[in-house]
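Read through the structure below, which is laid out as structure tokens, and then see the notes.
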Amino acid sequence: MKILALETTGKYGSAAVIDDGRVYCAESSGEMNHLKEIIKITGEALEAAGITKKELTHIAASVGPGSFTGIRIGVTVARTMAQMLDLPCVAVSSLESMAENVKTAAMESGCETVAAVINARRHQTYAGAWSIKDGKLINLLDDRQYMIEEFLEQLAGNRVYFVGDGIDAYEEIIQAETGLEAYVMAEGKLRYQTAEAVAKLAAEAASEGNVVGYEELMPDYMRLSEAEQRLKEGTLSDKIKKLNRRG
Amino acid sequence: MKNGKFITLGIETSCDESAASIVADGRELLSNVISSQIDIHTQFGGVVPEIASRKHLENINMVIDKAIKDANCTVDDIDLIGVTYGPGLVGALLIGVAAAKAMAYACDIPLVGVNHMHGHVAANYLEHPELEPPFMGLVVSGGHTNIIFVEEYNTCRKLGGTRDDAAGEAFDKVARVIGLGYPGGPKVDKAAREGDKAAIDFKRVYLEKGSYDFSFSGLKTQALNYLNTEKQAGREINVNDVAASFQEAVVEVIVDKAIAAALEYDQKRIVMAGGVASNSRLRELICERAAEHNIEVLRPSPILCTDNGAMIASAAYYAYKNGERSGFDLDAVPGLEF
């Protein structure tokens, strides 16, 4: 198996190739440079792995949650490459791949729980939590939207290793949460998404046959657009509602 | 290459249509696939950028696939990929750009980023096989109102544009307040046919003497004020009269300026483009006035006036022939100038 994995859901974009368990990763030079650099870093990852694009067997993408725009860049490139190269796709959760990436660091710092938290603004998050058992991640709290306070409450009593840009936004709230037994926050690059972890999870998924056709590789935004949300809640502006009634 | 012809795939996602098309030798339409999202956005009273972006992602690969199949081509036949990289909604543009780059990379096909406005002009090359520059271009759409002197295939000089709202935008807003809904252009056009265009004296805004720029925001405000005054006085509003009078005020200014530009630059052809080029009153009046000066008016059929991939393919072809190439670092530029 030779899998190309793309990760563009956070502020740093990256591409990785996993070939027989060895991972080769290339990163974009700046923040939020995803569209400009995605093909360049894809080429760099392939070159580092010493394989050509024709030798690839799968295309994987981190499908979210995260930046809506970022998610779309990675997923669109993955879908189109898979379409053109006639390859199956693998969908990977950005939260789970972040947890995977810090698993060892978490165990080394004495935490038995990993919490991946992405900032969704105004105290909201996209988050999930895993227990580490025998070096494996076991789902503890489902990936979904949480208010940061609600998420922290559910982690009470655990020794938690935090990862994700939710730390940047909610560091003080996490520090003030007294219910946690202990906490550690991922530092530096380890705090953010990387294609290296996406590639590893993709290889596991692909070996278990968890692949989809390119048309079925879909973003996992975890949230409706604001307009759809308002339509659902019935809070679209009156003028538009009136027009809709007229049909 | 197919049957000795140069094959271009054009991709367009700048607003609410996901579109792709195959064009041979820059002129011959082999397929034209447009997946419109209009039904989705209508319930929100206009294009919602986040929803447009989500739908483009879901549609684009199928649209590309269908364009290739409809043309009886394979990916191997494609010599060039052209893609709109601006102007437009950034989230929408980047789906087309990401797909085009991924395809160009995966299949080793050259790539050219196309200015959406140049694409609208190029729609005429598909419609009129004999048309060659120079000519005077009039691009009127939901987001743009421009008078363009097209000197050569790849040299477009913008003589004037809108300083505030585009013509189509003004149509949309007025349509909304008189209860016609979205999309405003076609609905105003239809209502206006039943109305009296002299019923209300809306002002014609020409700006400084000799200027080819437009300003429609004052007219829009005047229309809103008129509606408020009538409502407060308890008078019934004749929607058709408002539509006809408003449309006439927009159309007259556009036509006067386009004719003036053609005369000043000694051009015997005015070439229309963009969604609003389908407006029936605009077509009628410009043909009437142009005939007085022996000027010929050309325009594409309505399907090529709306956003489409074919016009992008044609523009890309001429840019490519001129030596233009885009790298894999091609970015979406929402505010791209003409």
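Could you check region B:183-208 and list, in sequence order, the residues that are of a type in the set (Val, Ile, Thr) and closer than 18 Å to B:Cys305 by Cα?
Within region B:183-208, the subset of a type in the set (Val, Ile, Thr) is B:188, B:200, B:205.
Within region B:183-208, B:Val188 is the sole residue that qualifies.
Go over the candidates A:Ser93, A:Ser97, A:Ser67 one by one and state the one that is buried (at least 24 other Cβ atoms within 10 Å of the Cβ), among the hydroxyl-bearing types (Ser, Thr, Tyr) and touching a residue at least 24 places away in the same chain (Cβ under 8 Å). I'd like the intermediate steps shown before the answer.
Working: A:Ser93 fails: buried (at least 24 other Cβ atoms within 10 Å of the Cβ); A:Ser67 fails: buried (at least 24 other Cβ atoms within 10 Å of the Cβ).
Of the residues listed, the single one that is buried (at least 24 other Cβ atoms within 10 Å of the Cβ), among the hydroxyl-bearing types (Ser, Thr, Tyr) and touching a residue at least 24 places away in the same chain (Cβ under 8 Å) is A:Ser97.
Out of A:Ala82, A:Ala78, A:Ala45, report the one residue that is at the interface with chain B (Cβ under 10 Å from one of its Cβ atoms), buried (at least 24 other Cβ atoms within 10 Å of the Cβ) and touching a Phe, Trp or Tyr at 6+ places or on another chain (Cβ under 7 Å).
On the way: A:Ala78 fails: touching a Phe, Trp or Tyr at 6+ places or on another chain (Cβ under 7 Å); A:Ala45 fails: at the interface with chain B (Cβ under 10 Å from one of its Cβ atoms).
After ruling out the rest, the residue left standing is A:Ala82.
If you go through region A:182-200 one residue at a time, how many are of a type in the set (Asp, Glu) and surrounded by 21 or more Cβ atoms within 10 Å (Cβ to Cβ)?
The total comes to 1.
Condition (residue is at pLDDT 95 or above, crowded, with 24+ Cβ neighbours inside 10 Å and within 13 Å of another protein chain (Cβ to nearest Cβ)) applied to region A:51-58: is it met by at least one residue? Break it down into steps so the answer makes sense when it comes.
So the first thing to find is which residues in region A:51-58 are at pLDDT 95 or above, and the list is A:51-58.
Pick out the ones that are also crowded, with 24+ Cβ neighbours inside 10 Å and you get none.
Within region A:51-58 (the criterion being at pLDDT 95 or above, crowded, with 24+ Cβ neighbours inside 10 Å and within 13 Å of another protein chain (Cβ to nearest Cβ)), the answer is no, since none of the residues qualifies.
Pairs, please: C-beta under 7 Å, at least 6 apart or cross-chain, first residue more than 10 Å from chain B (Cβ to nearest Cβ) and in region A:211-223, second of a type in the set (Lys, Arg)?
Between residues of region A:211-223 that are more than 10 Å from chain B (Cβ to nearest Cβ) and residues that are of a type in the set (Lys, Arg), the close pairs are A:Met222/A:Arg144.
crowded, with 21+ Cβ neighbours inside 10 Å, in contact with a Pro (Cβ under 6 Å, 6 or more places away or on another chain), closer than 21 Å to A:His34 by Cβ and within 11 Å of another protein chain (Cβ to nearest Cβ): is that true of B:Gly91 in this structure? Outline the logic, then answer.
Numbers: crowded, with 21+ Cβ neighbours inside 10 Å: yes; in contact with a Pro (Cβ under 6 Å, 6 or more places away or on another chain): yes; closer than 21 Å to A:His34 by Cβ: yes; within 11 Å of another protein chain (Cβ to nearest Cβ): yes.
For B:Gly91, the condition - crowded, with 21+ Cβ neighbours inside 10 Å, in contact with a Pro (Cβ under 6 Å, 6 or more places away or on another chain), closer than 21 Å to A:His34 by Cβ and within 11 Å of another protein chain (Cβ to nearest Cβ) - is met.
Identify, please: which residue in region B:40-85 is within 11 Å of chain A (Cβ to nearest Cβ) and in a loop (DSSP other than H, G, I, E, B) and is, among those, modelled with the highest pLDDT?
Taking the candidates together, the pick is B:Ile78.
The values are calculated or read from the model by the stated rules, or taken from the named source; none is laboratory data. Predicted model only: the values in this text are computed from it and were never measured. Positions of Cβ are backbone-derived with ideal geometry, glycine not excepted, and every protein chain shown enters the neighbour counts.
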